[in-house]
Amino acid sequence: MATRSSGGAGVAVMVIMTVVTAARAHAADVVVRPDEITALMAARAERVGDAREFQPGGQGTFFVSPWRSAADVARWRVDVPAADAYEVRAIVRRTEGPALEVAVTAASGTVTATLPAEAAGWVRLPLDGTLALDAGRGDLTLRLAPLAAGQPFSADVHAVELVRPAARASLAARAMALRSDTGWLRRAGHGVMVHWTCESMPAHGDPRPYEEAVNAFDVEAFAAAMARTGAGFVVFTTSHAMMTFPAPLAALDRILPGRTTTRDLVADLAAALDRRGLRLVLYFHQGTTGDREWAAASGLADADSTRFYAGWRAIVTEAGERYGSRLAGWWFDDGAVAYYPRNPSWEALARAAKAGNAARLVWFNPWELVSPTDFQDVFAGEGCVEPAGSGGVLVPHGDGRYPSGPYAGLQASACLMAGGDWVHAQRDSPFAACRWTAAELATLLESFALHGNVPILNLEITQDGVVSPAVLDVFADAAAAGRCGCRGTDRKGLQAPREVLK
């Protein structure tokens, strides 16, 4: 989990994309997948103009910004296995300016759509009709321009998607068939998350090696502390910046030995939490190129993701089958900026994530971007402070699912920091104070519950497994104020004051 920021709310765009036959011989940048959705990332395109990649060189592929000129171009070389008709969707965000037309042109004709001026935030915009693509290699070109020539505009562009209509319908049906019941999550009221990783620092002094820290972790004291928060579940971090797993895991050892532990801390945690009525969800990051050993050994550094995701599925499947119903969910970070740009088989990832427990919940965190896939159960909501959800579309006493927009059909959740950072990674540093008073926290949690939106609050934790006593007191006092004794509350008319949400 990393804190990121970007520009404000946005601008409508005209997107013109032209497919031309490529006479020159070159390796295709993207192979179009007839039975999947193919994402063409704006940050990876050949570009002409001033738009630049957001967070270049970072651990994800984000978007390009700001796109301000009709003369700017993004171009992808694509390889189409067989001639067919494809639907086209553009993932764009308005930042200023008027409504814009979106047009995609190929030798067979043009498909268009209009992005309204009132469209706010990131939009996955479907273009009308289908676009016929010839077999073989070609160039796909993207241009943005206002409806009326000469009008100023500014926009951000994340990606362009291609999908055959039959494939889209089949994928949607299979994704719905894999969805799990999220009722227990809503009844839990709220969860707490801890980023306990190999980067975590003790309260004082030098850190222990990772395996020593795992061996010393006091699960009973930790579980007792988590019970004080009034939460119904705990999200515990396994891998983050570095690939590690606090348990024996043969699939990970086959890829890179030395990143697992002899003690099965996950099993011990699940048991200790279960005795106190809390469920366990595991946070898992696919790893970063900053972890060079992992990137090389796993295939994360490869242009072709086949080897990498075969290993990913093996790791997640082995863990899921071992823990079965004791593992209630997987919270996968950077879904839209690490997974999505690599065009994985989302269905294969989701099936691996549910191995051993078909009811297990799956999150693929999109940050502020649109949902990367329908093959998940819950919208992660990183940084979402609004109980009514992203865009304010959740109604009181509803079922907690997004009715429309980029997260339509997903159970709502939100992920917020209760303290100063996700990871307690600074040596000999004090805990940050809680962001809310007990009264504010109680009101905030009740307002989330009213809308069926499940907040997950990240608590700083030291390598010693200790969470700030002062922060725990705030949570315990909020529970005593009534929130945690009425999970799933339906107190009519309850709204959190705006100052509590900031």
Going fewest to most other Cβ atoms within 10 Å around each Cβ, Glu446, Glu220, Glu101 line up as Glu220, Glu101, Glu446
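Rounded if a/c is under 1.5, else prolate if a/b is larger than b/c, else oblate: which is the range 56-189, with a ≥ b ≥ c the root eigenvalues of its Cα gyration tensor? Please list the in-between numbers first.
On the way: a/c = 1.81, a/b = 1.20, b/c = 1.51.
Cα axes put the range 56-189 in the oblate bin.
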Please work out the ratio of the alpha-carbon Rg of the range 179-501 to 2.2 N^0.38 Å and round it to two decimals. 0.95
Arg292 versus Asp181: modelled label distance in nm, points set 7 Å from Cα along the beta carbon direction: 5.1 nm
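When the chain is fully extended, how far beyond the present Cα-Cα distance does Ala148 get from Ser404, taking 0.36 nm per residue of separation? Kindly include the intermediate steps, with their values, before the conclusion.
Values: separation 256, 0.36 × 256 = 92.16 nm, distance 2.96 nm.
Gain on stretching Ala148 to Ser404: 89.2 nm.
By its C-alpha gyration tensor, with a ≥ b ≥ c as the square roots of the eigenvalues, how is the range 216-347 shaped: rounded for a/c under 1.5, else prolate for a/b larger than b/c, else oblate?
On the way: a/c = 2.18, a/b = 1.79, b/c = 1.22.
The shape class here is prolate.
Which order do Met176, Met193 fall in if you start with the one that has the fewest other Cβ atoms within 10 Å?
Numbers: Met176 11, Met193 25.
Ordered from fewest to most neighbouring Cβ atoms within 10 Å, Met176, Met193 come out as Met176, Met193.
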Using the crude model of +1 on Lys and Arg Cβ and -1 on Asp and Glu Cβ, and no other charge, please compute the dipole size for the range 124-204 relative to its Cα centre, in debye to 20. 360 debye
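Calculated FRET efficiency, Asp50 and Asp274, Cβ-Cβ r, R0 51 Å, to nearest 0.05? Please report the intermediate quantities before stating the final value.
Numbers: r = 55 Å, r/R0 = 1.08.
Efficiency computed from Cβ-Cβ geometry: 0.40.
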Counting only helical runs of four or more DSSP H residues, what would the 222 nm mean residue ellipticity of the chain come to if each run contributes -39,500 (n - 2.57) and the total is spread over all its residues? -6500 deg cm²/dmol
Order these peptides, 82-92, 431-441, by their mean beta-carbon neighbour count within 10 angstrom, highest first. 82-92, 431-441
Check: the range 74-151 dipole with +1 on Lys, Arg Cβ and -1 on Asp, Glu Cβ, in debye: 260 debye
So how far, in whole Å, is the C-alpha centre of the range 299-332 from the one of the range 396-444? 26 Å
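Just to be sure I understand: of the beta bridges DSSP finds with both ends in the chain, what percent are antiparallel, rounded to 5?
60 percent
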Once you keep just the Cα pairs under 8 angstrom separated by 6 or more residues, what percentage relative contact order results for the range 179-501? 22 percent
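Sorting Phe448, Phe63, Phe222 on the 10 Å Cβ count, fewest up front, what's the list?
If I rank by nearby Cβ atoms, fewest first, I get Phe222, Phe63, Phe448.
Based on Cβ point charges of +1 for Lys and Arg and -1 for Asp and Glu, what charge dipole magnitude is obtained for the chain about its Cα centre, in debye rounded to the nearest 20? Provide the component values of the computation, followed by the final result.
Numbers: 47 positive and 54 negative charges, 156 e Å.
Rounded to the nearest 20 debye, it is 760 debye.
FYI, it's all coordinate maths here, none of it is from the lab. This one's a predicted model, so the numbers in the text were calculated from it and none came from an experiment. No Cβ is skipped: glycine too gets one built from the backbone with ideal geometry, and neighbour counts run over all protein chains shown.
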